[in-house]
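Report on the following structure.
Values quoted throughout were computed directly from the atomic coordinates according to the rules given, and no laboratory measurement underlies them. Since this is a predicted model, take the numbers as computed values, not measurements. Cβ placement follows ideal geometry from the backbone for every residue including glycine, while neighbour counts extend to all protein chains displayed.
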Amino acid sequence: MRITPRTGLCGVILHPAGHTLSPAMHNAAYERMGLDCVYLAFDVIDIKDAMAGMRSLGIRQFSVSVPHKVEVMKYLDEIDPAAKAIGAVNTVINKDGRLIGYNTDVDGVRLSLTENGVEIKGRKVLLLGAGGAARAIAFVIKEMGGELIVLNRTPSKAKALAEEFGGRWGGLREASRIEADVVVNSTSVGMHPKVDETPIGKDSLRPGTVVFDIVYNPLKTRLLMEAEEAGCKTINGMNMLVYQGARQVELWAGVKPPVEVMKEAFLKGYTG
Ligand code: NAP
């Protein structure tokens, strides 16, 4: 691309600056859309300074990653209601100097479920994990009218999440006793490099259950392999990642980006 004096800047802020596919996905979208903008990765320790920098440099959009998603909320002028309810911001938009926080993980979760025709209303949804991503998933499950059960390695965190969003809770071992319609894994278990691990045993997987694993590296986790063997319908984490990124572009550019282009960029950079 050609850099001009008017070229805009967006980026992702994270620490430590590990491998991130966001620059590849966002830049591919900008190029296809003809947006005069670049997207870079920034290793940020001081989030307060980063927000001041965003204002003074006129950076248009930041994607906010680990560990800044909660802390960043202190330095914003406005927070979208869904992000406020979730208690985490993964997107900051600079609207004429006003910094507005959003959580686009909810869009990623919602679309991944709806495009696969997953019925949530009145269904028993087992949410594995109670970390940052689990909060966005719990929000969507309740919004869509699902019956939420949160299981986590540390049960006290499952309890806190279930009490906040409305639902039952327990430890991961309880999975085999629950006949769920939908299982969503939001733990990091099974993620590269520990690809041989899985959050729940095969005895917890029943034919016909929908198993959605939000881990995207690898795309086919051990959980999804075992779910397939057990006759479950499976959904991997790629589209959630792509859709949350696509919504970020839409929020600042005001136009929907080409998601297929973002998916291609993800798959090109994907090493799993
Ligand atoms: P997080 O806040 O650090 O939460 C991690 C969760 O995993 C906690 O519930 C933790 O349980 C559990 N966990 C970690 N190691 C475990 C182990 N050995 N055994 C059992 N449970 C374990 O992380 P996060 O931001 O929620 O992200 C979780 C995963 O989702 C990551 O793999 C991330 O890449 C993925 N993700 C995907 C997308 C997407 O768009 N597809 C978006 C966000 C995140 P404790 O509470 O007991 O520690």
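Going from the residue with the fewest nearby Cβ atoms within 10 Å to the one with the most, Ile100, Ile178 rank Ile178, Ile100. Counting beta carbons within 10 Å around each of His68, His192 and listing the fewest first gives the order His192, His68.
Taking only the Cα atoms of the stretch 107-236, the ratio Rg/Rh comes out at 0.92, with Rh defined as the Kirkwood radius. Which pairs break 25 Å Cα to Cα here: Lys74/Lys263; Lys84/Lys159; Lys142/Lys268; Lys84/Lys268? Over 25 Å Cα-Cα: Lys74/Lys263; Lys142/Lys268; Lys84/Lys268.
Starting at 0 and stepping by 10 Å, how many percent of the alpha carbon pairs of the stretch 1-96 end up in each bin? For the stretch 1-96, the pair-distance distribution reads 15, 47, 32, 5, 0.
Listed peptides 8-19, 219-230 appear in the order 219-230, 8-19 once ranked by packing, highest mean of other Cβ atoms within 10 Å at the front. Shown for Met1, Met144: other C-beta atoms within 10 Å of each C-beta, ranked fewest to most, produce the order Met1, Met144. Cα centroid separation, the stretch 236-272 to the stretch 85-124: 14 Å.
Within the chain, DSSP assigns beta bridges of which about 20% are antiparallel (rounded to the nearest 5).
Computed 3J(HN,Hα) for the stretch 34-41, one whole-Hz value per residue from the Karplus formula 6.51 cos²θ - 1.76 cosθ + 1.60 where θ = phi - 60°, is x, 7, 7, 7, 10, 10, 10, 9, glycine and proline marked x. Calculated mean residue ellipticity at 222 nm for the chain: -11000 deg cm²/dmol, from DSSP H runs with n ≥ 4 weighted as -39500 (n - 2.57), summed, divided by the residue count and rounded to 500.
Each principal axis of the chain carries a Cα extent, and these read 60, 36, 32 Å when sorted largest first.
At an R0 of 41 angstrom, the distance between the Cβ atoms of Arg2 and Glu115 translates into a FRET efficiency of 0.70.
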